[in-house]
Structure formats: C-alpha cells, structure tokens
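Okay, so here's the structure we're looking at.
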Amino acid sequence: MSAEEPDPLLSGELTLVGRITDASNATLVCDAVWGESIVRCVYKPIRGERALWDFPDGTLAGREYASYLVSEQLGWSVIPHTVLREGPFGRGMVQRWVDTADRRGDGTVGPDLVDICAPDAVPEGWFEILQAIDMDGEPIVLIHADDPRLQRMAVLDILINNADRKGGHALEGLDGSVYGVDHGICLHTENKLRTVLWGWAGTEVPGVLIGDIAGLISSLEGDFGAQLGEYITSDEVVALYERAVDLLDAPVMPRPNGRRPIPWPAF
Ligand SMILES: Nc1ncnc2c1ncn2[C@@H]1O[C@H](COP(=O)(O)OP(=O)(O)O)[C@@H](O)[C@H]1O
Ligand SMILES: [Mg+2]
C-alpha cells in the first residue's frame, strides 16, 4: 500500500452491517469505507468485551492486534489484516472479513478443514480428535485435515499460546489461504493452549517453519519486542520469547496437557 493510498481499514468510516449474535463479545460486522474503497470487516469495541476471570479487562483487542503482529513478523499471514482504531462504539480492533467457501451449500463435497462427522465417514488421512454423542444419541467425531496451512496455524497457536482455537476460528478463504480469527485470549504468561488442532501432537514441527521461528526470536530481541510491549505486558512479551526459544530447542508439536485441552464449545 503506498503512502498516497490510506488503508481503508484504518482510516475509512465504519458503517454497521450487522452483529454476530452467537459471538461471546460484541462482535460487529462493518464496512470500512474510504472513497471508492469498501472493506468488509469485523469490529470488536473494547467496551463490548466480556469480562473473564483469567485475562485482565479491556485487553482483548490489544491481544488480537499483538497476535496479528506476530503472524506478520513470522511472514505467515495466518491472521487477516487487523488494526486498532476508534469506531462508532469507541476504540477497538478491526479485522478484514474473510469470505469463505460454503463447502456444504455450494454443491462441493467434503467436510470443512475442521468438522464433525460419523465415525465411519472420516476422510482418509484426516485426524480424529474427539469422540462424542450427538443430540440423537448417535456417535460423532471431531476431525481435522492433515493440511500444512492448518498445521502452520497450529504452530502459531503454540507460539501465541492460543486459549481458544475453535473449529469456527479456522477459516478457508476463497483465495485459497487458511486464516485464523478470534485471538482475544492469547499471549497469557501461563500455558493455556486450548485448541481443536491436536492432530500433529508429538510430531516434528515442519522444517520450513523453523527459520521463521528463529527470525521471530531475533526480532523479539530487537525492536519488535518493544513494539509488542505497547499492547501486552512486558512479562507476556518475555513469555512469548521463551515459548519460541523452547519450540526451537525442541521442535515437536506439544501433546495436550492440563484440564481442558479443547475449547468448549468446540465450534
Ligand atoms: N475476520 C473474519 N472473517 C470472517 N469471519 C469472521 C472473522 N472474524 C470472526 N468471524 C466469524 O464470526 C464469528 C465470531 O467472531 P469471533 O471473533 O469468534 O468473536 P468472539 O470474540 O465474540 O468469539 C467467528 O466464529 C467467525 O465465524
Ligand atoms: Mg469466538
């Protein structure tokens, strides 16, 4: 983007399109309008953040933005373009909306990258994460694809310590990229990794990602650490650094531990 072309997400006027009613925070869908440019986006005002016992009030938007910065610093672009700015309900985070393919509604076959199916319908090579019983008493399984785009997201989650990687927070965009959304409860100092993406547990982190993690470590030793410190605490920046160093020392995808390794609801 050139200096003459302002970022509509940052500078455009936000007009309300709707509200996501099943979201846990005030999550609004808006259009950011700058001249002829219109960018569909999600706007989460800080004052609409639900209070949580384990994360300080009013910090979720900053965590979303800091997570975006980490994804960009790694060069992975897993998180859609995100900014912090003023909006009709005050300061908040604004993130580009990802248009997704409706893989069930448009005639194409096959489950979403993270999905639920009958135990005998698991596609070849996919991971089974959880067995459950549906409302009618039938067995079902939570599955996800063995897809490198999804695994890179799982590695990002380890680094940012994502406490809420639900199935519905992994979106396959129409552009062919896989995007993660909802990073409000990330970057805590204590291990809170909660995710549906456990399929690679105990396997090696893909070699192509290792250099990027090393680059993140170097950047955290420099200006990037200070930049992140504007949005999360210095202890949280240190904890991010330590997670990255630990992962580089032992590049193995972690196994679930703790009381609640899968977020609930899972979608
Ligand atoms: N950038 C985005 N692009 C497309 N869909 C999104 C985006 N952000 C959120 N969503 C959709 O909106 C739902 C609710 O948003 P989410 O960020 O999870 O809000 P909350 O913090 O309230 O849980 C998500 O599960 C997803 O389906
Ligand atoms: Mg959510």
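Rule-based calculations on the coordinates, nothing more; no lab input. Worth saying up front: this structure is predicted, and the values here are computed from it rather than measured. All Cβ positions, glycine included, derive from the backbone under ideal geometry; neighbour counts span all protein chains shown.
What to note about this one:
- Using a Gaussian network model of the chain in which every pair of alpha carbons under 10 angstrom is joined by a spring, one finds that among Ile158, Ile185, Ile133 the greatest mean-square fluctuation is at Ile133.
- Annotation for the range 122-143 versus the range 46-85: alpha-carbon center distance of 31 Å.
- Simple Cβ-charge dipole of the range 1-97, Lys/Arg +1 and Asp/Glu -1, about Cα centre, in debye nearest 20: 320 debye
- Placed amide H near Leu130: partners under 5 Å, 5+ positions off or other chain: Leu142
- Extension gain (nm, one decimal) between Arg255 and Asp146, 0.36 nm per residue minus Cα-Cα: 37.6 nm
- This ranking places His144, His81 by how few other beta-carbon atoms lie within 10 Å of each, fewest first, which gives His81, His144.
- Centre-to-centre separation between the Cα atoms of the range 162-177 and those of the range 235-267: 18 Å.
- Calculated [θ] (222 nm, deg cm²/dmol) that DSSP helices of n ≥ 4 give over the chain, each run adding -39,500 (n - 2.57): -8000 deg cm²/dmol
- As a proxy for reagent exposure, ranking Ser234, Ser71 by other Cβ atoms within 10 Å from fewest up yields Ser234, Ser71.
- For Val78, Val33, the sequence from fewest to most other C-beta atoms within 10 Å is Val33, Val78.
- The charge dipole of the chain, taken about its Cα centre with unit charges on the Cβ atoms of Lys, Arg (+1), Asp and Glu (-1) only, comes to about 600 debye.
- Top of Ile38, Ile160, Ile232 by mean-square fluctuation, Gaussian network on the chain, Cα under 10 Å: Ile38
- For the range 1-97, the residue among Leu9, Thr59, Val33 whose Cα projects farthest onto the positive side of the dipole built from Cβ charges is Thr59.
- The gain in end-to-end length when the Arg50 to Ser177 segment is fully stretched comes to 42.7 nm, 0.36 nm per residue minus the alpha carbon separation.
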